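The values are calculated or read from the model by the stated rules, or taken from the named source; none is laboratory data. Remember, predicted model here, so these are calculated numbers, not experimental data. All Cβ positions, even for glycine, are placed from backbone atoms using ideal geometry, and neighbour counts span all protein chains on display. These area figures cover heavy atoms from the full protein model, side chains too; ligands, DNA and RNA do not enter into them. Shrake-Rupley method; radii C 1.70, N 1.55, O 1.52, S 1.80 Å.
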Amino acid sequence: MGLIVETARVPMRDGTVLTADVLRPDRGGPLPVLLSRTPYGRAHSRQVEDVVGMARAGWAVVVQDVRGRGESGGVFEPFHQEIADGADTVRWCARQPWSDGKVAMFGASYRAATQWLAARAGPPGLVAISPSVSPAGFAEGWTFEGGVPVLGFTRAWALGLAASGSAPDEKAARRAAELRDLPPEPIAEEPWGEIFPPARNWGTSPKQKYWANIAGGGTAPPVAGFHVAGWHDVFCEGALAAFRAARHSGKPQRLVVGPWTHGDVGGRVAGELDQGVNAEGARVGLAEERLRWLRAALKPEAADLGVTVSVFEMGADRWLELPDWPPAETETEAGRRTLRLGADGVLSEVPQGTATAGLGPRTGPRTVAHDPHDPAPSLGGRLFGVWPRPGPADQAEVERRPDVLTYTSAPLAAELDVVGTVRARLRVRASTAVADVVLRLCDVYPDGRSYPVAEHGHRLFSAPDRDQDLALDVGSTAWRVRPGHRIRLCVAPASWPRLAALPDRYTLTVIHAPDAPSWLELPTFRR
């Protein structure tokens, strides 16, 4: 089958013209359309997606440079421009003579963000999206986590964009490339906001006015969705939250979650761990399934697709097929295992049905100090960029620091499948009005290696030295804890440079008392 490859100029409602490649079979039609909109250049999209294969499979494939990037006109303003421009591009695709009027979108990261934003406008013709490793929210979820700026990602992303064409001049682009390849320094003032001007609008809080117009109101657009997430992706929780919202849209939804990082969806090795051959996206036919699913979603009988979920269980080298996420049985009291945090640093199991108050003498405070010049560091985990490397990394060095509290269980006598949302309850006290608390869940191997499973940061606002009761999601996972392994929860006042560190010194205290026990809740799965 031969292909027709064309360059198209797509007019927007304000007269700006965006450039796109169109690939389609040279016979047959009209055809359903696959649309991808990218800030990284159309050539990059051809490298990371098999657009030729898609066209040969019977699609008209449109790959477009977003406004202000590549060969498209206008000025790049992340997120805000993609609602109207995405809707205009979908309408253009649906009206072309080679189109059957039905459009699906595809792509990862920001290319997935353009899907959520276009769908929010509800353009006629957009029937399905397939967002990969991206949240649907762009303040909390993309730029902030629990109110804490996600510095590691936003810095690397902004400098990468500046280095590849959104800088004011060539000198600034070179400077962006230099900074991108260097780790940030605590407290240091870096010029990355000047090199990439849109970053100056992101602010220090998800409540900034900049984010109001793209907040989305907590609802999902009424389109079918094929969602892909990675357990070690910076956007893992945001992608899962987007799926949970989308499943209430009344349209078919599919979720696939593998043990993948942001930059290696479908790979078997993440950080220091090889997850096994079954983790490979190619082995399970992820790309092929996505195309089949999208084609089925365009048909009138698409409602039969329903809601389906496949998640890879780390440590078990297996895929779990579920009717929804999180599994309903792990959201009940009977489906959760409670481990109490003691002042002695031990996680001890609380028998089901036992009152959590008054469980013994393991009480008292534990305090750590935050030093803004030497904040508790990130090492592996749900990261993006070069510094540090994403994916599981041994936390032993970090856990020996005086500003990190650890709570560790006894070695497990039998395997435990933890599938769903891990939660924690803590009573804490900070010496300043603003402070951060970071929770990290780890799998401790018999030889002492400690690998992160999930992590969550949260910014506290309170009167100094006032007790606060926190109920936080530590994170989502599908993880088998093997016999002889231990479960560990770390509590720290920072996770630098994954999260921005506060510039002031303060102390963070975890309180262990009979009237306010702190505990960890694990969603246990039996099948």
Ranked order, 171, 102, 299, 209 - accessible area, probe 1.4 Å, largest first
209, 171, 299, 102
In Hz, Karplus ³J(HN,Hα) per residue of region 52-63 (6.51, -1.76, 1.60; θ = phi - 60°; x = Gly, Pro)
5, x, 4, 5, 5, 7, x, 10, 8, 9, 10, 10
Between beta-carbons, use under 14 Å as the cut-off and find the net charge around residue 74, counting Lys and Arg +1, Asp and Glu -1.
-2
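Could you work out the helix-only [θ] at 222 nm for the chain, with each DSSP H run of four or more residues adding -39,500 (n - 2.57) and the total divided by the number of residues, to the nearest 500 deg cm²/dmol?
-5000 deg cm²/dmol
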All other residues with a Cβ under 9 Å from the Cβ of residue 287 taken together, and with Lys, Arg as +1 and Asp, Glu as -1, what is their net charge?
-3
Taking every DSSP beta bridge that has both residues in the chain, what percent is antiparallel when rounded to the nearest 5?
70 percent
Scattering profile of region 62-130 from the Debye formula, Cα beads only, expressed as log10 I(q)/I(0) at q = 0.29 Å⁻¹, is -1.41
With the 1.4 Å probe rolled over protein heavy atoms, region 431-510 has an accessible area per residue in Å² of 33 Å²
Computed ³J(HN,Hα) along region 430-440: with the Karplus parameters 6.51/-1.76/1.60, θ = phi - 60°, integer Hz and x for glycine or proline, the list is 10, 7, 10, 5, 10, 8, 10, 10, 10, 10, 10
Cut-off under 5 Å, modelled amide H: who pairs with residue 381 long-range
391, 393
From highest to lowest solvent-accessible area (probe 1.4 Å; ligands, DNA and RNA excluded), 210, 407 read 210, 407
With every protein chain in place, what's the accessible area of residue 248 (1.4 Å probe, Å², nearest 10)?
140 Å²
How much of residue 237 can a 1.4 Å solvent probe reach, expressed as accessible area in Å² and rounded to 10?
60 Å²
Taking a quarter of the surface of the Cα convex hull of the chain, what do you get in nm²?
24.1 nm²
Karplus couplings for region 328-337 from phi (6.51 cos²θ - 1.76 cosθ + 1.60, θ = phi - 60°), rounded to Hz, Gly and Pro as x?
4, 5, 8, 8, 8, 4, 5, x, 10, 10
Report, by chain and number, residues whose modeled amide H sits under 5 Å from the one on residue 31, excluding near sequence neighbours (fewer than 5 apart, same chain).
99, 100
Tally up the carbon and sulfur contribution to the accessible surface of the chain as a whole percent, 1.4 Å probe, everything protein left in place.
51 percent
Amide H of residue 475 versus every other amide H placed in the peptide plane: which residues, excluding those fewer than 5 positions away on the same chain, fall under 5 Å?
422
How big is the accessible area of residue 72 in square angstrom, nearest 10, if you roll a 1.4 angstrom probe over the protein chains?
10 Å²
Provide the net charge surrounding residue 13, with neighbours chosen by a C-beta distance below 9 Å and charges set as Lys +1, Arg +1, Asp -1, Glu -1.
-3
